[in-house]
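Only one structure is covered here, and it is reproduced in the block below.
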Amino acid sequence: MFWLSLHKLKRSFLTASARVIEAAIVATIILAGGLGSSWYMVEAGSRLTTAKLGPWISWTAAARPDADPYTRAHFVKAGTLPVSAQIQRTLVARTDQNGDRLHSSCEYIVEGALPKVEWWSLAIFDERGRLIPNEADRYTFTGQTVALAHAGNFAVTLAREARPGNWLPTGGAGRLALVLNIAENRTPDSTAKINAAQMPTIRKIKCR
Amino acid sequence: MQMSTLTGWLSSRARVLLIAVILAAILHIVATLIAPRIAGGTPFAKLSPVAPLHKFLVLPPVTPQNQPLAFMAPDVRYAMCRYNTAQGPVSVSVRLPGRGWALALYTPEGDNFYTALGQDGQLTDISLQLTPVADRFLGLTPEARGMASETTATLDIATGSGLIVVRAPDLGLAYRADTEATLQRATCTPHPF
C-alpha cells in the first residue's frame with residue numbers, strides 16, 4: 001500500500017514537472033519569438049527596412065511619412081531627428097571593411113570618392129551618437145572642407161593621436177559610429193542603384 | 001531514439017506550439033507598434049523643454065557639450081520651433097538662401113511630413129499655414145474679405161502638434177553671423193480663433 005502511494009506520488013510529480021517544462025518552452029517561444037524578433041528588427045533592421053552597402057547601413061524609409069513601424073520605432077528609440085530619406089541618405093558604419101567593430105583603440109583610414117553627389121559630410125560619434133570631445137574641436141569633414149587627393153579621392157584618418165591630412169580624433173570613446181550623410185539628386189526609385197563599390201572603404205591600419 | 005521522442009512530443013503538442021507561434025506573432029506586432037509610444041527619450045520629448053512654443057530658437061553650434069540629440073550633424077546649424085494648432089492656425093515663414101538649407105516639419109513621433117530645400121544660387125522664401133486637423137471654420141481668408149493676402153504661395157497643412165526644424169550648413173566662422181541672422185528671421189506665429 002505504501003509503495004503504491006509512493007509510485008502515484010512520483011507519477012504525479014513527473015507529470016507536473018513535464019507540464020511546467022512545456023509551459024516554460026511555450027513561454028520562451030512567445031517571449032523570445034515575439035519580443036526578441038521585434039527588438040532585432042527595430043535595432044538592426046532587415047533587408048525590408050535597410051540597405052547594406054559594405055559596412056555602411058542606411059534605413060531606406062527614415063523619417064518618411066510612409067515609413068514602416070520598424071523604421072519609426074528605430075528612430076524614436078534612438079532619439080534622433082533624421083532628415084527624410086527622400087532628400088538625404090544617412091549611412092552609419094559601426095564596423096570596418098572586414099566586419100570588425102570600429103573602436104577608438106584602433107586607427108582607420110576612410111577612403112573614397114563621391115563625385116556624383118551634391119553634398120556630403122562624414123562625422124564620427126561614440127556608439128551612442130555623442131560627439132567625441134577633442135582639443136582640435138574637430139568632429140566632421142564635408143565635401144567642402146576635406147582636403148582632396150589626386151583624382152578627387154579623399155582619405156580621412158580616424159585615430160586617437162593627431163595625424164597629417166584629414167584627421168578625425170577618436171579620443172578614448174570606445175566603440176565608434178561613423179556617419180556619412182549624402183545629399184544627391186535622386187529620383188524615388190534610385191535607391192537601389194547606389195552600390196557598395198561606390199561607397200568609401202574603411203580599412204583598419206593598426207590597433208594598440 | 002531521442003529524435004523519435006522529440007518528434008512524438010512535437011506532434012502531440014502541435015496545437016499548443018501553433019498557438020505559441022501565433023501569440024509570438026501578435027506580441028511581435030504589438031511590441032513594434034507601441035515601441036514609439038512608450039520610448040521615454042523621444043526627440044520631441046527631449047526638445048520640448050528646449051524649443052519654445054511658437055517661437056524659433058537658434059541653437060548654438062553642435063559640440064559635445066551642446067548636443068541635445070544623438071547623431072546631430074556638427075556641420076549643421078539648427079533653428080527649431082515647437083507648434084500646436086489646437087488654439088488656431090500657425091503661420092510659418094522661412095528663407096532658405098541656398099544649397100544645404102532645409103526646412104522640415106516633424107510630428108511628435110518623428111515623421112518628417114514636409115520638407116523644403118534651398119536651391120543653389122537663389123533665395124527660396126517659404127510661407128506655410130499649419131491648420132488644425134479637426135474640421136472647423138477658420139474664418140474668411142483675406143482674399144474673401146477683399147484684402148490682399150500678407151503672404152504669397154501659402155501652403156495649408158493639416159496637423160496637430162510637432163516640431164519645425166530649419167537646417168543651415170555651418171560654413172565656418174566667416175559665415176556664422178550671416179547664417180544666424182537668416183535663421184533668426186524665421187517666424188512661427190499662432191493665429192488663435
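The values are calculated or read from the model by the stated rules, or taken from the named source; none is laboratory data. Values in this document were obtained by computation on a predicted structure and should not be read as measured data. Ideal geometry is used to build each Cβ from the backbone, glycine not excepted, and the neighbour counts take in all protein chains shown.
Collect the residues in the stretch A:108-125 that are surrounded by fewer than 21 Cβ atoms within 10 Å (Cβ to Cβ) and closer than 22 Å to A:GLN88 by Cα, keeping them in residue-number order. Residues satisfying the conditions are A:GLU111, A:GLY112, A:ALA113, A:LEU114, A:PRO115, A:LYS116, A:VAL117, A:GLU118, A:TRP119.
Residues that are of a type outside the set (Ser, Thr, Tyr) and more than 16 Å from A:LYS77 (Cβ to Cβ) within the stretch A:37-64 comprise A:ARG47, A:LEU48, A:ALA51, A:LYS52, A:LEU53, A:GLY54, A:PRO55, A:TRP56, A:ARG64, listed in sequence order.
Exactly one residue out of A:ALA85, A:ALA32 is under 24 Å from B:PRO68 (Cα atoms) and within 12 Å of another protein chain (Cβ to nearest Cβ), and it is A:ALA85. B:ARG95 meets all of the listed conditions (1) of a type outside the set (Ser, Thr, Tyr); (2) over 17 Å from A:SER84 (Cα atoms); (3) out of contact with any Asp or Glu (no Cβ under 9 Å at 6 or more places or on another chain) but one, namely (3).
Please go through the stretch A:183-208 and give me each residue that is at pLDDT below 90, in a loop (DSSP other than H, G, I, E, B) and within 20 Å of A:ARG101 (Cα to Cα), ordered by number. Once the filter is applied, which keeps residues that are at pLDDT below 90, in a loop (DSSP other than H, G, I, E, B) and within 20 Å of A:ARG101 (Cα to Cα), the stretch A:183-208 yields A:MET199, A:ARG208.
The set of residues in the stretch A:131-180 being of a type in the set (Val, Ile, Thr) and either surrounded by fewer than 19 Cβ atoms within 10 Å (Cβ to Cβ) or in contact (Cβ under 8 Å) with a residue 60 or more places away in the chain (or both) consists of A:THR145, A:VAL146, A:THR170, A:VAL179. Scanning the stretch B:90-108 for residues that are over 26 Å from B:ALA177 (Cα atoms) and out of contact with any Gly (no Cβ under 9 Å at 6 or more places or on another chain) returns a single hit, B:VAL90. The listed residues are A:PRO65, A:PRO82, and the only one of them that is under 21 Å from B:ARG167 (Cβ atoms) and surrounded by fewer than 16 Cβ atoms within 10 Å (Cβ to Cβ) turns out to be A:PRO65.
Scanning the stretch A:53-66 for residues that are more than 7 Å from chain B (Cβ to nearest Cβ) and either touching a residue at least 40 places away in the same chain (Cβ under 8 Å) or of a type in the set (A, V, I, L, M, F, W, C) (or both) returns A:LEU53, A:GLY54, A:PRO55, A:TRP56, A:ILE57, A:TRP59, A:THR60, A:ALA61, A:ALA62.
Among residues of the stretch B:104-134 being small (Gly, Ala, Ser) and within 8 Å of chain A (Cβ to nearest Cβ), the one that is farthest from B:ALA35 (Cα to Cα) is B:ALA104. Looking for something on the phi > 0 side of the Ramachandran plot and within 9 Å of chain A (Cβ to nearest Cβ) - is there at least one such residue anywhere in the stretch B:54-71? Looking through the stretch B:54-71, at least one residue is on the phi > 0 side of the Ramachandran plot and within 9 Å of chain A (Cβ to nearest Cβ). Checking each residue in the stretch A:117-148 for being under 21 Å from A:ALA162 (Cα atoms), within 8 Å of chain B (Cβ to nearest Cβ) and of a type in the set (D, E, K, R) picks out A:ARG130, A:ASP137. If only one of B:VAL90, B:VAL94, B:VAL50, B:VAL16 is among the β-branched types (Val, Ile, Thr) and within 7 Å of chain A (Cβ to nearest Cβ), which one is it? Testing whether each residue is among the β-branched types (Val, Ile, Thr) and within 7 Å of chain A (Cβ to nearest Cβ) leaves just B:VAL16. Of the helices (runs of 4 or more DSSP H) contained entirely in the stretch B:1-94, those carrying at least 3 residues that are modelled with pLDDT of 90 or more fall at B:14-38. What strands (runs of 3 or more DSSP E), lying completely within the stretch B:106-193, carry at least 3 residues that are surrounded by fewer than 17 Cβ atoms within 10 Å (Cβ to Cβ) and modelled with pLDDT under 80? Where strands (runs of 3 or more DSSP E) fall fully within the stretch B:106-193 and carry at least 3 residues being surrounded by fewer than 17 Cβ atoms within 10 Å (Cβ to Cβ) and modelled with pLDDT under 80, they are B:154-158. Residues in the stretch A:41-52 that are more than 10 Å from chain B (Cβ to nearest Cβ), buried (at least 18 other Cβ atoms within 10 Å of the Cβ) and either out of contact with any Phe, Trp or Tyr (no Cβ under 7 Å at 6 or more places or on another chain) or modelled with pLDDT of 90 or more (or both): A:THR49, A:THR50, A:ALA51.
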